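Remarks on the structure that follows.
The values are calculated or read from the model by the stated rules, or taken from the named source; none is laboratory data. Owing to the predicted nature of the structure, the values given are computational and were not obtained by experimental measurement. Cβ coordinates were reconstructed from backbone atoms using ideal geometry, including for glycine residues, and neighbour counts include every protein chain displayed.
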Amino acid sequence: METKVAIIKDIKKDIKFIEEAAEIIRNGGTVAFPTETVYGLGANALNEESVKKIFIAKGRPQDNPLIVHVSSKDISSLVKEVPPIAQELINKFWPGPLTIILEKKDIIPNMTSANLDTIGIRMPNSEIALKLIELSKRPIAAPSANISGRPSPTEVERCVEDLNGRVDYIIGGESSDIGVESTIIDCTVNPPMILRPGGITLEMLREIDSNIDIDKALKSKPSNDLKPKAPGMKYRHYAPKAHLKIIRGKNEKTIEIIKEMLENYIEKNNDVAILTTDENLNKFDKGSVISLGSEKNLSEIAKHLFEALRKCDDLGVQYILCQGFEEKGVGVAIMNRLSKAAGYDIIDV
Ligand code: TXA
Ligand code: MG
């Protein structure tokens, strides 16, 4: 399949590309597009055949439901009911990185919801994404625009790398500022429950309802006794090709242990990358050292996380050593993605 790639420099002047892509969505095709969290791979959410193409292009397991993207806060045609708490969350956080799970209407095919009675919906805060949804006149189902299991793309080049030849159209033009996928909150239960941490933090959500909590299954390695409620959270995910290990503890001790491990791996002829902060950057004199940003700014760390994992793959290293981050604010989402990418290989020091 031939993939057309278009980069939007000026949304007004380049509107024809978004119109073209919208037509592809209407005709049942697939389009990768930017959002403020990560790039998405979209298709008409209301058409089974179209949605199926997403699963095929990504190699995604069919029991993993898709998020439906809308360009308006009125979602009454898609869900049975919008409870008051969900309405409050919509008013406060949309457009933005919050996916809300509600009971779906029959208009949403089972292929989109992976046979669940519920559906996750979000209104992205990206000019290009909103224009695409609006012009296609359909809600767009879109998982992250990566081959299943790989780190989500935050730059258009990474979509091309994964999806060229597998989808009809790729639109670029914005890099994803949040860098981790949306927070998912289940509003079919009371109090609502966070099924995936993301850019909208627990602290922010508790300002709306102090009883909101995080799915307990997210705090440890998934097991048969404790399965995450979001089907996608049970898979190994976001994974680079190298072995990723997380070293968590007080800063000085963490650096000491990373250096020891580094020596050890290099002695055995391995190439090693270190993911660290601006503050720690010059404390290592071996390996490929990559900074995720300042330790004072967790949003910056989140923004650079997936791209850094992909850079490690470009370097072809066998091991990646990454320091842990404080699980506060967006730090919860960072540690969730890192833990999954590492297959829960976490060393507490
Ligand atoms: O930020 C995002 O959410 C990005 C951008 C493109 O919008 N999308 C994204 O989609 O991360 P994806 O498919 O990579 O992740 C969707 C997650 C999966 O873990 C899936 O299991 C969960 O949402 N999910 C979707 N519908 C659900 C439902 N009805 N109940 C529980 N979990 C659901
Ligand atoms: Mg994904």
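Of the residues in the range 279-298, how many are part of a helix (DSSP H, G or I), touching a helix residue (DSSP H, G or I) at 6+ places or on another chain (Cβ under 9 Å) and either outside the structural domain of Cys322 (by TED's automatic domain parsing) or under 20 Å from Leu309 (Cβ atoms) (or both)?
Final tally of qualifying residues: 2.
Quick one: is Gly179 in the same structural domain as Val68 (by TED's automatic domain parsing), within 13 Å of ligand 1 (Cβ to nearest atom), within 19 Å of the chain's Cα centre (by Cα) and part of a strand (DSSP E or B)?
Answer is no for this residue.
Which condition does Thr201 not pass, out of (1) among the β-branched types (Val, Ile, Thr); (2) over 17 Å from the mean Cα position of the chain (by Cα); (3) surrounded by 15 or more Cβ atoms within 10 Å (Cβ to Cβ), if it passes all the others?
(2)
How many residues does the range 120-151 hold that are among the polar types (S, T, N, Q), near ligand 2 (Cβ under 10 Å from one of its atoms) and crowded, with 20+ Cβ neighbours inside 10 Å?
Matching residues across the range 120-151 total 2.
Give me the strands (runs of 3 or more DSSP E) completely within the range 1-108, filtered to those with at least 1 residues that are of a type in the set (Ser, Thr, Tyr) and under 14 Å from Pro124 (Cα atoms), ordered by residue number.
Strands (runs of 3 or more DSSP E) meeting the threshold: 98-103.
Just to be sure I understand the filter: pairs with C-beta atoms under 8 Å, separated by 6 or more residues or on different chains, first member in the range 138-167 and within 12 Å of Val31 (Cβ to Cβ) and of a type in the set (Lys, Arg), second member away from ligand 2 (no atom under 15 Å from the Cβ) and part of a strand (DSSP E or B). Which pairs pass?
Between residues of the range 138-167 that are within 12 Å of Val31 (Cβ to Cβ) and of a type in the set (Lys, Arg) and residues that are away from ligand 2 (no atom under 15 Å from the Cβ) and part of a strand (DSSP E or B), the close pairs are Arg138/Asn44.
Run down Ile246, Ile255, Ile334 and say which single residue is under 30 Å from Pro65 (Cα atoms), assigned to a helix (DSSP H, G or I), in contact with a helix residue (DSSP H, G or I) (Cβ under 6 Å, 6 or more places away or on another chain) and not polar (S, T, N, Q).
Ile334
When you go through (1) in a helix (DSSP H, G or I); (2) at pLDDT below 90; (3) surrounded by fewer than 16 Cβ atoms within 10 Å (Cβ to Cβ) one by one for Met233, which number turns out not to apply?
(3)
Residues are listed down the side, and each one gets a yes or a no for (1) in a loop (DSSP other than H, G, I, E, B); (2) at negative phi; (3) of a type outside the set (Gly, Ala, Ser):
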{"position": "Gly149", "(1), (2), (3)": "yes, no, no"}
{"position": "Glu157", "(1), (2), (3)": "no, yes, yes"}
{"position": "Glu203", "(1), (2), (3)": "no, yes, yes"}
{"position": "Asp209", "(1), (2), (3)": "yes, yes, yes"}
